[in-house]
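Rule-based calculations on the coordinates, nothing more; no lab input. From a predicted model like this one, the values you see are computed outputs, not experimental measurements. Methodologically, a virtual Cβ is constructed for each residue, glycine included, from the backbone with ideal geometry; neighbour enumeration extends over all protein chains shown.
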Amino acid sequence: MNTALLIWNGVVSWTGIFTNIISDREPKFTSALWTSLHQLFGTKLSFSTAYHPQTDGPAKRMIQALEDMMTRICAYGLEFKDCDGLTHDWCTLLLELELAYKTSIHASTNQAPAILEKGCNPKLPQDSLRKDLVEIYPTAASFKGTLDRGRNHSVRCMEDSFAYAKDKWDKSHATPDFKVGDLVLVSTTNFNNIKGC
């Protein structure tokens, strides 16, 4: 019930009911409550198999990127001070981190997740900043400064995370120099439909 409430309050209330959900076979996602709820709402549940890189790969890469970004946010300390000397914990940066992630262009899709999800990027505070104001209330200016620093820090963490992942991938995956007609060895370890002699 907790997972269902969490998904409903944190996701469905913002996006609406899904037509299809792809997940692993964790007991929470195969339970009678979960499957009955989605039958009721008309959502198709698709489960990945034990070895299915087309399904597992993108999700695992996304989770790894998010974990790395959050680690980088926390690595600089669990607290930071704004220009007024007010201390904020790292939790206050999570929404900025999410916004930075959703509005950045990803190499796998060549699009920002927000564009794929909603059709456009959200309007950000820096996109509509008025420069014609002569006087700004000091607390408003301080709040804007805190948002700017949080966003800049989040963007740096995200860019560092993406650069690290790309560098790690490039070091371990050399592009093979195959030509038509070359003989290659293929591992059949994960092919369950091939029987030996």
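Mind sorting VAL155, VAL186 by how few other Cβ atoms lie within 10 Å of their own Cβ, fewest first?
With the sparsest Cβ surroundings first, the list reads VAL186, VAL155.
Provide the net charge surrounding LYS102, with neighbours chosen by a C-beta distance below 15 Å and charges set as Lys +1, Arg +1, Asp -1, Glu -1.
-2
On a full-extension model of 0.36 nm per residue, what is the gain between ARG156 and CYS120, subtracting their alpha-carbon distance, rounded to one decimal in nm?
Taking 0.36 nm per residue and subtracting the Cα distance, the gain is 10.7 nm.
Could you calculate the contour length gain from ARG130 to ALA174, that is, 0.36 nm times the residue separation minus the distance between their Cα atoms, to one decimal place in nm?
Stretched out fully, the ARG130 to ALA174 stretch lengthens by 11.0 nm.
Fewest first, what order do MET158, MET1, MET62 take by the number of other Cβ atoms within 10 Å?
MET1, MET62, MET158
Within the P(r) computed for segment 104-164, what percentage of the Cα pairs occupies the region above 20 Å?
44 percent
Could I have the simple spin-label model distance between SER23 and THR189, label points 7 Å from Cα toward Cβ, reported in nm to one decimal?
2.9 nm
On a full-extension model of 0.36 nm per residue, what is the gain between PHE47 and LYS60, subtracting their alpha-carbon distance, rounded to one decimal in nm?
3.2 nm
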